[in-house]
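Right, one structure below, let's go through it.
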Amino acid sequence: MTHKTPVFHDTTLRDGNQSLAKPWSLQEKLEVFGLLRELGVSRIETGFPSASQMDFDTCRTLAESADSQAVVGALTRAVQNDIKTTHESIACAANPRIHIVLALSPFTMENVLRMPPLKVRELAVSAVSYARSLLGERGEVQFTAEHFGDCMENIDFVTETFLRCCEAGADIINMPNTVERYRPKLFTDMVERVVGRLPKRVMASVHCHNDLGMATATSVESYFAGAVQIETCLNGIGERAGNANLFEIAAVLNNCGTGTGLNMKLFAKTATRIAELSDTPIHPKAPLFGKEVTMHRSGIHQDGAAKTKSMAKGAYRPMNFSEIGIEHNDRLGFTSQSGRSALVEILSASGIEISEERASEILGIFKSVSEKEGELPAERILEIYSGI
Ligand code: KIV
Ligand code: ZN
């Protein structure tokens, strides 16, 4: 199976923003929009215009200021008035996208919508058809079956609803794992099944939440199961445990050779800024940008890292970190768990060259100091060395 180049639809400004304790101001949203455009993301969901006057105004301003290559999306319920409001807020963009969401899972239709499935289907189709009529030939309509991840038992009903939405004018069919509860494989099997039935002109999309920590895996495997569009948030912010992280997904796809179309050198700088703007610090162990992820402290790892430091593939690194704008690939920290390679490397970085044999002889001295003091900074290592 050949795969189309992945398409990112970023929802940091909508799903990400709605989860913040202090949602962004217009100024902040403009900045995030600009960061996304610099990264090369062209499909951007800007908000939920029918939720509040502030959201309406913000989406309108972003739509007015967006460049002509950007697709400016906004989310709406499958309610005529809301769709109209949404259209009014983004219609001025060169490429507006109305994104309609309606739940199709048995549990939600019964307990939240409290409507029989056929009535829900009717609503979905008429909402899509109304959005299409407002947009005319211009712009796109995306339909999302909320809680798609819970639709194993009624997948035939859901697929048929998707097909009818496509006939009514949907350009994108989005399948969200609204709450991540099960194995990625159960989800991607459903995605594959739906993709096999969609008309060729329609783009399949996934939107994965990270409740159990698998959103990146599920998004990536959904792409390989046929979904072309992947919905993401910068730094994986979003409702509850967040959304699929744009940076992680792009890094995996880049490693797999699919291409990303993104300016990956800007990733680190952008991640830092989003952490500040969202007041959500990056966990030290977070993939890619956590401050610990390039650090090696154990002897075996330090030896492998030292021997492969100038090679394209490193023994203990997932990628060349310079590709995502991080200067250092492998850093070595000296502890009681460390080995002679660390000593050779750390001293060498300070201009002192010693042989491996010499390092083996004196290693024990440093290890026993570290047993008492913990990780030894380079200056402390130099101090101990000069006293030997
Ligand atoms: O999580 C979800 O189901 C959503 C949809 C609106 C795509 O955010
Ligand atoms: Zn979501």
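A few notes on this one:
- Distance-filtered residues of segment 41-81 - backbone nitrogen under 15 Å, label point 7 angstrom along residue 254 Cα→Cβ: 41
- For the set 185/309; 265/285; 4/185, the pairs lying more than 30 angstrom apart at their alpha carbons are 185/309.
- Selection from 91, 129, 344 lying farthest towards where the dipole of the chain points positive, charges on Cβ: 129
- The HN-Hα couplings worked out from phi for segment 36-48 by the Karplus form 6.51 cos²θ - 1.76 cosθ + 1.60 (θ = phi - 60°) are 5, 5, 4, 5, x, 7, 10, 9, 10, 8, 9, x, 10 Hz, whole numbers, x standing for Gly and Pro.
- Each peptide in 138-144, 241-247, 322-328 receives the mean, over its residues, of other Cβ atoms within 10 Å, and ordering these scores from highest gives 241-247, 138-144, 322-328.
- Trypsin sites (Lys or Arg not before Pro) restricted to segment 179-212 and DSSP loop, no more than 10 other C-beta within 10 Å: 200, 201
- Difference of contour (0.36 nm per residue) and Cα-Cα distance, residue 26 to residue 200: 58.9 nm
- Straightening the chain between residue 272 and residue 241 buys 9.3 nm, computed as 0.36 nm per residue apart minus the Cα-Cα spacing.
- Two-decimal ratio, the chain, of alpha-carbon radius of gyration to 2.2 N^0.38 Å: 1.18
- Both radii come from the Cα set of segment 295-386: Rg as radius of gyration, Rh as Kirkwood radius; their ratio Rg/Rh reads 0.98.
- In Hz, Karplus ³J(HN,Hα) per residue of segment 187-194 (6.51, -1.76, 1.60; θ = phi - 60°; x = Gly, Pro): 5, 5, 4, 5, 4, 4, 5, 5
- Here's how it looks for residue 242: its modeled amide H is under 5 Å from those of 210, which are all 5 or more places away or on a different chain.
- Around the amide H of residue 296, modelled in the peptide plane, lie the amide H atoms of 331, 332, 333, all under 5 Å away and 5 or more residues distant in sequence or on another chain.
- Candidates 148, 334, 321, ranked by Gaussian network fluctuation over the chain, Cα under 10 Å, top entry: 334
- Surface accessible to a 1.4 Å probe, per residue, for the residues of the chain, Å²: 44 Å²
- Taking θ as phi - 60° and the Karplus parameters 6.51, -1.76 and 1.60, the scalar couplings of segment 380-388 work out to 5, 5, 5, 4, 5, 4, 6, x, 7 Hz in sequence order, x denoting glycine and proline.
- Here the accessible area is traced with a 1.4 Å probe on the protein chains. For the chain, carbon and sulfur cover 52 percent of it.
- Of 182, 321, 109, farthest towards positive along the dipole that unit charges on Lys, Arg, Asp, Glu beta carbons give the chain: 109
- If the segment from residue 181 to residue 292 were pulled out straight at 0.36 nm per residue, it would be longer than the present Cα-Cα gap by 37.1 nm.
- Computed about the Cα centre, the dipole magnitude for the chain is approximately 560 debye when only Lys and Arg (+1) and Asp and Glu (-1) carry charge, each at its Cβ.
- Taking amide H as placed 1.01 Å from N in the peptide plane, the amide H of residue 97 sits under 5 Å from that of 72, 73, 74, 140, each at least 5 places away or on another chain.
The values are calculated or read from the model by the stated rules, or taken from the named source; none is laboratory data. Note that the structure is predicted; figures quoted are calculated from it, not measured. Note: ideal-geometry Cβ built from the backbone for every residue, glycine included; neighbour counts use all protein chains shown. Just the protein is used for accessible areas: all its heavy atoms, side chains included, with ligands, DNA and RNA removed. Shrake-Rupley method; radii C 1.70, N 1.55, O 1.52, S 1.80 Å.
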